[in-house]
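Some notes on the structure that comes next.
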Amino acid sequence: MYKDLHFEYIKGAKKSNVKFVLLHGWGHSLENLRPIANELSDYDCYLIDLPGFGESPQPESVLSVSNYTDIIAYFIKTQFSKKDKVYIIGHSFGGRIGIYIGANYPDLISGAFILAGAGLKKHKKLFRQLIITGARGLKIIYKVIGKDVMTSALYRKYYERFASSDYKNAQPLMREILKKTVMENLAPIARKVSVPTVLIYGENDTVTPVYFGKKYHKLIKDSKFYILPTFDHNGILTAGKYQVTSIILNNIKE
């Protein structure tokens, strides 16, 4: 519990001084990282349902990535001793949190493994840029005339055509969290990361493309960067689990 905010987690049964804290992506739950945890079963793995996902209740207010980071930092402080070697494994949205922890709470962890980490701005094609600009303009117009843009037939058509599945599938408050999250560029935060960081991206990932990993690699001092051929955004957690866990095990200190 953090500031009366409850979340569910599963604790590993091993008595190892190496602890893995696994953070899932947006719209996922701890179950999506279970294949990775199963391959790391010689160590203690803590699988977390982040607030608003899986079995964890939705928060009562709009959280930022920084807020989620504080929650996980508090969890680490209260769960582990200073003798433990704690490693973050963050996929996509969880990777955002991992980067934040590496920058703001470096004393709490021994390293971070960022799997298909999000948090950077995509290279938008011209058509996509025009659509986004048009939607923003429509919102401004409706605000000026004192009407709710959500009642606009044109806006509803835009929503059905261009809104992401993550946005469509989210509850209203979680949509606000998603909007707040995707608006933040983590490049300035990444420059402050001061823990050993390993970046792993799938070659065929279109959600968080390989160039995200390349940029993070440049921003994060002394980081390591791996590209897994043939795998996409979620495939690195399933078919790619053996490659991912092999990289992880080769980059930890017991």
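The numbers here are math on the coordinates, done by the rules we state, and not lab data. Just so it is clear, the model here is predicted, and its values are computed rather than measured. Cβ atoms come from the backbone with ideal geometry, glycine included; neighbour counts cover every protein chain shown.
Against the definition (touching a Cys at 6+ places or on another chain (Cβ under 9 Å), charged (D, E, K, R), surrounded by fewer than 20 Cβ atoms within 10 Å (Cβ to Cβ) and farther than 15 Å from Lys241 by Cβ), how does Lys11 come out, yes or no? Give the steps one after another, and end with the answer.
Numbers: touching a Cys at 6+ places or on another chain (Cβ under 9 Å): yes; charged (D, E, K, R): yes; surrounded by fewer than 20 Cβ atoms within 10 Å (Cβ to Cβ): yes; farther than 15 Å from Lys241 by Cβ: yes.
Taking the combined requirement at face value, the residue satisfies it.
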In the stretch 233-254, anything surrounded by fewer than 17 Cβ atoms within 10 Å (Cβ to Cβ) and not aliphatic (A, V, I, L, M) is listed as Thr238, Tyr242, Gln243, Ser246, Asn250, Asn251, Lys253, Glu254
Collect the residues in the stretch 206-239 that are under 16 Å from the mean Cα position of the chain (by Cα) and either among the hydroxyl-bearing types (Ser, Thr, Tyr) or assigned to a helix (DSSP H, G or I) (or both), keeping them in residue-number order. Thr206, Thr208, Val210, Phe212, Gly213, Tyr216, Gly235, Ile236, Leu237
Quick check: anything in the stretch 188-205 closer than 13 Å to His91 by Cβ and not in a strand (DSSP E or B)? yes
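Tell me, which residue of the stretch 17-32 that is crowded, with 16+ Cβ neighbours inside 10 Å and more than 12 Å from the chain's Cα centre (by Cα) is farthest from Lys77 (Cα to Cα)? Before the answer, list the steps.
Here is the first cut: in the stretch 17-32, the residues crowded, with 16+ Cβ neighbours inside 10 Å are 18-30, 32.
If we keep only those that are more than 12 Å from the chain's Cα centre (by Cα) as well, we get 18-21, 30, 32.
Values: Val18: 15, Lys19: 13, Phe20: 14, Val21: 12, Leu30: 20, Asn32: 25 Å.
Within the stretch 17-32, the match that is farthest from Lys77 (Cα to Cα) is Asn32.
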